[in-house]
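The values are calculated or read from the model by the stated rules, or taken from the named source; none is laboratory data. All values reported here derive from a predicted model rather than from experimental measurement. FYI the Cβ positions are ideal-geometry reconstructions off the backbone, even for glycines, and counts take in every protein chain you see.
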Protein chains: 2
Amino acid sequence: MNTPLSELAQQNIIKLITTNKLDPGDKLPTEYELADRLNVGRSTIREAVKALASRNILKIKQGAGTFVSSERGMIKDPLGLSLINDDVNLAFDMINVRLIFEPEMAALAATNATEDDCAVIGEACTVVEKLIENSNEYSREDSAFHEAIARASGNKIIDRIVKVIHSSVQKNIFVTEDSLKHDTLIYHRQIFQAIKDNDIVGARCGMIMHLNNLRNFILKKRKP
Amino acid sequence: MNTPLSELAQQNIIKLITTNKLDPGDKLPTEYELADRLNVGRSTIREAVKALASRNILKIKQGAGTFVSSERGMIKDPLGLSLINDDVNLAFDMINVRLIFEPEMAALAATNATEDDCAVIGEACTVVEKLIENSNEYSREDSAFHEAIARASGNKIIDRIVKVIHSSVQKNIFVTEDSLKHDTLIYHRQIFQAIKDNDIVGARCGMIMHLNNLRNFILKKRKP
């Protein structure tokens, strides 16, 4: 569907965003200006802009113009998991991946988290606690807690990958049992405290304990 | 841009693919049949099919029909890294992520690899060796070696994530120095042999050594 010209225009529009340090929400030049600046036809620009919108790099607002998307180029279900029809086993694969990844992420956060990062993690921790205490659904806020730690790790790829993992966890979580809620209360707090105290081993172990409880739960659900 | 109706039609088309176990390359029913089966208008089907094509779940071939895409729902640059303008630091973040992830993936492969998996990994190993011996570029084939190990891990999420990581590595590899080539020859072979021998520790350590050499190289490139 993409012509080579449109591909090139896409790359040039991305370059324009990065070199001008445009932020999410910033407005792009008009189609006319872009065509002029990149020295291609307006139909090529239109095709490139549509393709970048489908990649969540741009957002087209009818009548208002084209803007840098707040999705930062990340699409729904980027791993294509909706094509895999195997829910308990997929949940098990997912928790194994999280056990490889998130303890090290927590350890990095314990080294690199700024005061601002800690404030965000602490706030996310409190939000989940309140939801659990009031018996409300909290899976999205749970993801926000883990994503805040990913950002605090200081590694931009970890930040992105954890967003990818958690956008997939949503559809694979058929859990949140009462016993897990209790564990979440304890271990989220412990992980947060360890990160705040620069306690690398504590942060790593807190995350292992937290995820392993979830793993045991999924393990029981699998066919023997 | 997506209407709720089109969103729902997308989900139903995905369900149709998974419940009928359609493989990449298989043809979908016509627009007319889909509209009839899912009980929505043809314009909704057209919108849904276009959206699924932009997510690489479907492939539209002009005049021939609509097919299940061989990309398995994975798009180019799914982490949105093209929006980050920081190449050496990004390469460093990436190698750190690979060091968290790939040694465990190699250990899993040493447990779970079938004979077929081993044949694929061995073949990928040989291809890279020949390219290096003939002083050819080999980054794509290097990715194929690592992706074959990911598949052999038996974890479907690892399989997908490593594809995501390596599609991003391509653009961040400005490396492949002679010293690295020599190390690649040694460690690829060692990793392959360990996986074949069900030697978990050997596979994990081989991968750590291999990636750490790359990390040291990137470390030197960073500003002091």
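Consider A:Asn96 against the criteria (1) surrounded by fewer than 19 Cβ atoms within 10 Å (Cβ to Cβ); (2) farther than 15 Å from B:Ser54 by Cβ: it satisfies all of them except one. Which criterion is unmet?
The number of the failed condition is (1).
What number of residues within region A:126-143 satisfy the criterion of being in contact (Cβ under 8 Å) with a residue 12 or more places away in the chain and surrounded by fewer than 19 Cβ atoms within 10 Å (Cβ to Cβ)? Explain how you work it out, then say what you get.
Taking region A:126-143 as the starting set, the residues that turn out to be in contact (Cβ under 8 Å) with a residue 12 or more places away in the chain are A:127-129, A:132, A:137-143.
Narrowing the set further to residues that are surrounded by fewer than 19 Cβ atoms within 10 Å (Cβ to Cβ) leaves A:127, A:129, A:137, A:139-141.
Total satisfying the criteria: 6.
Restrict the check to region B:134-157 and report whether at least one residue is among the basic types (Lys, Arg) and over 26 Å from A:Leu81 (Cβ atoms). It would help to see each step written out before you state the result.
Quick first cut of region B:134-157, residues among the basic types (Lys, Arg) only: B:140, B:151, B:156.
The next check asks that each one be over 26 Å from A:Leu81 (Cβ atoms); those that pass are none.
Checked region B:134-157: no residue is among the basic types (Lys, Arg) and over 26 Å from A:Leu81 (Cβ atoms).
For region B:83-130, which positions are under 17 Å from the mean Cα position of the chain (by Cα) and either within 25 Å of A:Ile17 (Cβ to Cβ) or among the small types (Gly, Ala, Ser) (or both)?
Once the filter is applied, which keeps residues that are under 17 Å from the mean Cα position of the chain (by Cα) and either within 25 Å of A:Ile17 (Cβ to Cβ) or among the small types (Gly, Ala, Ser) (or both), region B:83-130 yields B:Met94, B:Val97, B:Ala106, B:Ala109, B:Ala124.
Cβ-Cβ under 7 Å, sequence separation 6+ or interchain: first residue in region B:213-224 and in the same structural domain as B:Arg98 (by TED's automatic domain parsing) and under 10 Å from B:Ala91 (Cα atoms), partner loosely packed, with under 10 Cβ neighbours inside 10 Å and modelled with pLDDT of 80 or more. Which pairs?
Cβ pairs passing all conditions: none.
State which residue is surrounded by the fewest Cβ atoms within 10 Å (Cβ to Cβ) when the search covers only region A:1-32 and only residues that are among the basic types (Lys, Arg) and within 12 Å of another protein chain (Cβ to nearest Cβ). I'd like the intermediate steps shown before the answer.
Step one: of region A:1-32, the residues among the basic types (Lys, Arg) are A:15, A:21, A:27.
Filter once more, so that each one left must be within 12 Å of another protein chain (Cβ to nearest Cβ): A:15, A:21.
On the way: A:Lys15: 13, A:Lys21: 8.
Within region A:1-32, the match that is surrounded by the fewest Cβ atoms within 10 Å (Cβ to Cβ) is A:Lys21.
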